[in-house]
1. Residue check: is residue A:349 facing chain B (nearest Cβ under 8 Å), on the phi > 0 side of the Ramachandran plot and more than 27 Å from the chain's Cα centre (by Cα)?
2. Residues in the range A:26-42: is at least one open to solvent by less than 10 Å² (accessible area, probe 1.4 Å) and not in a helix (DSSP H, G or I)?
3. Can you work out which of the residues in the range A:368-377 that are part of a helix (DSSP H, G or I) and more than 28 Å from the chain's Cα centre (by Cα) is surrounded by the most Cβ atoms within 10 Å (Cβ to Cβ)?
4. Identify, by number, the condition in (1) surrounded by fewer than 24 Cβ atoms within 10 Å (Cβ to Cβ); (2) hydroxyl-bearing (Ser, Thr, Tyr); (3) within 14 Å of chain B (Cβ to nearest Cβ) that residue A:148 doesn't meet.
5. Could you list, in sequence order, the residues of the range A:43-77 that are within 9 Å of residue A:120 (Cα to Cα) and either touching a Ser or Thr at 6+ places or on another chain (Cβ under 7 Å) or assigned to a loop (DSSP other than H, G, I, E, B) (or both)?
6. Could you list, in sequence order, all residues of the range A:109-145 that are surrounded by fewer than 24 Cβ atoms within 10 Å (Cβ to Cβ), free of Cβ contacts under 8 Å to residues at least 60 places away in the same chain and in a loop (DSSP other than H, G, I, E, B)?
7. Which residues, taken from the range A:303-357, are among the basic types (Lys, Arg) and either without any contact (Cβ under 8 Å) to a residue 40 or more places away in the chain or farther than 19 Å from residue A:96 by Cα (or both)?
8. So is residue A:283 modelled with pLDDT of 95 or more, of a type in the set (A, V, I, L, M), over 27 Å from residue A:195 (Cβ atoms) and open to solvent by less than 30 Å² (accessible area, probe 1.4 Å) or not?
Amino acid sequence: MDLKRLTIAELHAAYAKGDVSVEAVTEAYLDAITRRDGKVKAYLSVLASEAITRAEALDQRLAKGEKPMGLFGVPIAIKDNLCLLGTRTTAGSKILENYVAPYTATVVQRLLDAGAVILGKTNLDEFAMGSSTENSAFQKTTNPWDITRVPGGSSGGSAAAVAAEEALVALGSDTGGSIRQPASFCGLVGLKPTYGRVSRSGVAALASSLDQVGSLARTVADAFAVYQTIVGPDAADPTTVDAPRHDTMSISKGFKGLRVGVLPGATLEGVEAGVAARVADAVQFMEKAGAHIVPLDIPHVRLSLAIYAVIVTSEASSNLARYDGLRYGKEILPKSSESFSTYTTRVRSLALGAEPQRRILLGTYTLSKGYADQYYHRAHALQAAVAWEFDNAFKQVDVLFGPTSPSVAFPLGEKFNDPLTMYLSDVFTVPANIANVPALSLPIGFSQKLPVGGQFMGPRFREDLVFRAAAAFEAESGMGNVVAPA
Amino acid sequence: MQLSDADIAKLGLLGRLDLSAEKRHAYAEQLSRIVAYVDKLREADVAATSTHLRQPVPPTKLRDDVPVVVQADTVLALAPRREGRFIVSPPFA
């Protein structure tokens, strides 16, 4: 039995019967990290001894008769912008190279409370700014399906770890597609919940009005199990909402009677033919399975990426102002007779990478006097328009469907020096962040022997509808639990 | 809008970034392309989408103002330079 192929439900059944120990499962994943991560480079820190100690403690609980539930004994990877007490948390940046978290993020604490085994911290684009994980200050993660290609980003390390069987599931964060686009590139299920569903306390901020933590997994049920664990209000994050949650059974109702709106995204210029074909196949497949397909258009959705570029850079330039080299992070000695301003400017210039620097500059521009009305305030007005149009669309349909990304995973380096082209790879994921609706990417087929992702979006706080559609697609297409060839 | 190297230098000053001539030039070219893309926002009719489209913002729910106790040693350990129980600030001019 290959322990790494077991889903969470299968693992729990095996634990309950005594067929396997948590330690054996943890060791199987740590062994995979040892064998594969030299090429995949998914992890920035591997917490091997901590994971084994934790697994031993969980095995003792099993021996005392505890029934495995939640994420008990589930080996999980977490993105390195999530704080875990006493561990290095870099956010992929040199400026936080030596930062050791003094507390644990709420989402990570909820994993621990549910019995998860944390295997390590995964690579990401610096401060989650990017779509390929090439912006990490430390290493370039590769796509386990083809190591000459990117895993997507910014949660590329988390996605690559799960696709390479170096973790069963993972946490990522999604500001404009940073969970869904890497899920698409790596053949995984990736969920961005509604903003307010999941606490951001202990998450290194990129754009505070858009950031949201979510799950990456090889099956819809596993992504749902992680989501169920981390969801819910948190006193430490006043933007969290105590919205009604939905039962576990609702994810297995099938397509019958489900109204699926289809946006014209797949027919737009710039979408690869292979991606467009798989999306068309998926729509046909859902219709045959009983879904009611409704062609729809959301006029202002075409402005989403421009709206996003303004809001995210404005907020990022503000959030990154705290990194001054004095209070935490990398030590850079001052020169004699250097003023405070000169010193902090030098630290930021040396220790922040090109993409954070670009976003600081652009955000400073869009917030500056004379331009804030033209860009920042206008972007917010148009964001409201997009959200309103999504609300109207969801009066006609239960979920929306379209491509996750215009392409399959692209070669390393292809877009690295062309930031606008890189931003455009998020053109289909950004609208869900702008409209603040839940969205999930799942594998719908292959093109050029690489996974293609399709995306379901649902009404605000109706993750259950998104999961229902995804579970139905996975069950009827047999596309679940695919892993990259070793 | 085309951003010049001088514009980038000014934005760098505001954003506390000291950029080489080479970086200023590269950023000017890259950011000009991005600004040209986001300029499509300026063509949108915001007046037609305003007021009635704005969603009411729910009031922010604040927690009780209870101090969170963090051990001083834990915070001190984060500082790049420290001396005893003090964070060492560089001797700025």
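1. Values: facing chain B (nearest Cβ under 8 Å): yes; on the phi > 0 side of the Ramachandran plot: no; more than 27 Å from the chain's Cα centre (by Cα): yes.
Here the answer is no, as residue A:349 does not meet what is asked.
2. Yes; the residues of the range A:26-42 include at least one that is open to solvent by less than 10 Å² (accessible area, probe 1.4 Å) and not in a helix (DSSP H, G or I).
3. In this case the residue turns out to be A:374.
4. Of (1) surrounded by fewer than 24 Cβ atoms within 10 Å (Cβ to Cβ); (2) hydroxyl-bearing (Ser, Thr, Tyr); (3) within 14 Å of chain B (Cβ to nearest Cβ), only one is false for residue A:148: (3).
5. Kept after step one, since they are within 9 Å of residue A:120 (Cα to Cα), are these residues of the range A:43-77: A:43-48, A:51, A:76-77.
Within the range A:43-77, A:43, A:44, A:45, A:47, A:51, A:77 meet the criteria.
6. A:115
7. If the condition is that a residue be among the basic types (Lys, Arg) and either without any contact (Cβ under 8 Å) to a residue 40 or more places away in the chain or farther than 19 Å from residue A:96 by Cα (or both), then A:322, A:327, A:335, A:346 are the ones that fit.
8. Considered against the rule, which asks whether it is modelled with pLDDT of 95 or more, of a type in the set (A, V, I, L, M), over 27 Å from residue A:195 (Cβ atoms) and open to solvent by less than 30 Å² (accessible area, probe 1.4 Å), residue A:283 comes out as yes.
The values are calculated or read from the model by the stated rules, or taken from the named source; none is laboratory data. Computed from a prediction, not measured in an experiment: that's the story for all the values here. Reconstructed Cβ throughout: ideal geometry from the backbone, glycine too, with neighbour counts over all protein chains shown. Accessible surface is based on the protein model in full, side chains and every heavy atom, while ligands, DNA and RNA are left aside. Shrake-Rupley method; radii C 1.70, N 1.55, O 1.52, S 1.80 Å.
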